Amino acid sequence: MEAAYAPKEDALSKVDLSAIYIAGPLTVGAAYNKFSGLDANFALGAKYGYQNLEFAGAYYHSRNGRHYNPTTLQYVSNSIAGSNGFTLGAKATWNQFSAGIDIARETKSEYTIGNSQFDAKKYTNVLLNGTYALSKRTKTYINYMRAGGFNNYGIGLNHNF
């Protein structure tokens, strides 16, 4: 379990709490975050491993994010975004190679500017990932992500020192 309190960070105090429980192949976690003067955020999730497979799922509730104009991708000043949703994921590992998929679905998306509240577009975001370990500390990866209506790709090499 972890806890943190940050007084007057950017004129807002902040509380963070998290807990993780592991029992064999099952991992369960919860997180809570609250800034003074804003609504709280929280998330609950679990992961289960079976042989070379991992399955995961989570629910999230976020109420103090930044809202970006979907056309210009610019931050809308004095706005606060909120969303609820869930995630589902799976990963398979064969020796040095692993492949995974994660799907996140917003079930509620909104933003406020002053005292006015607006509905925002709800997205289903997808991440496909493949990795190949070249050694104990070096791996290559390839990613495809569809997030917020945009396609993103990545390919690279990662080395942990």
Quiz item: Would a scan of the range 27-38 turn up a residue that is in contact with a Leu (Cβ under 7 Å, 6 or more places away or on another chain), part of a strand (DSSP E or B) and among the basic types (K, R)?
Solution: no
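Just the residues that are without any contact (Cβ under 8 Å) to a residue 12 or more places away in the chain and hydroxyl-bearing (S, T, Y), please, taken from the range 102-126.
S116
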Practice problem: Give just the number: which of (1) at pLDDT 85 or above; (2) at positive phi does A43 not satisfy? | Solution: (2)
Practice problem: May I ask you to list the residues in the range 78-114 that are under 22 Å from Y68 (Cα atoms), among the aliphatic types (A, V, I, L, M) and under 14 Å from the mean Cα position of the chain (by Cα)? | Solution: I103, A104
Practice problem: Could you please find all residues in the range 113-161 being surrounded by fewer than 12 Cβ atoms within 10 Å (Cβ to Cβ), of a type in the set (F, W, Y) and not in a strand (DSSP E or B)? | Solution: F161
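Here are some residues: G45, G82, G49, G29. Which one is under 21 Å from A120 (Cβ atoms) and surrounded by 15 or more Cβ atoms within 10 Å (Cβ to Cβ)? Give the derivation first.
Working: G45 fails: under 21 Å from A120 (Cβ atoms); G49 fails: under 21 Å from A120 (Cβ atoms); G29 fails: under 21 Å from A120 (Cβ atoms).
Of the residues listed, the single one that is under 21 Å from A120 (Cβ atoms) and surrounded by 15 or more Cβ atoms within 10 Å (Cβ to Cβ) is G82.
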Quiz item: Here are some residues: L38, L88. Which one is touching a strand residue (DSSP E or B) at 6+ places or on another chain (Cβ under 9 Å) and at pLDDT below 90?
Solution: L38
Exercise. Have a look at Y75, Y21 and point out the one that is hydroxyl-bearing (S, T, Y), at pLDDT 90 or above and in contact with a strand residue (DSSP E or B) (Cβ under 8 Å, 6 or more places away or on another chain).
Key: Y21
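The values are calculated or read from the model by the stated rules, or taken from the named source; none is laboratory data. This is a predicted model, so every value here is computed, not measured. Neighbour counts run over all protein chains shown; Cβ positions are idealised from the backbone, glycine included.
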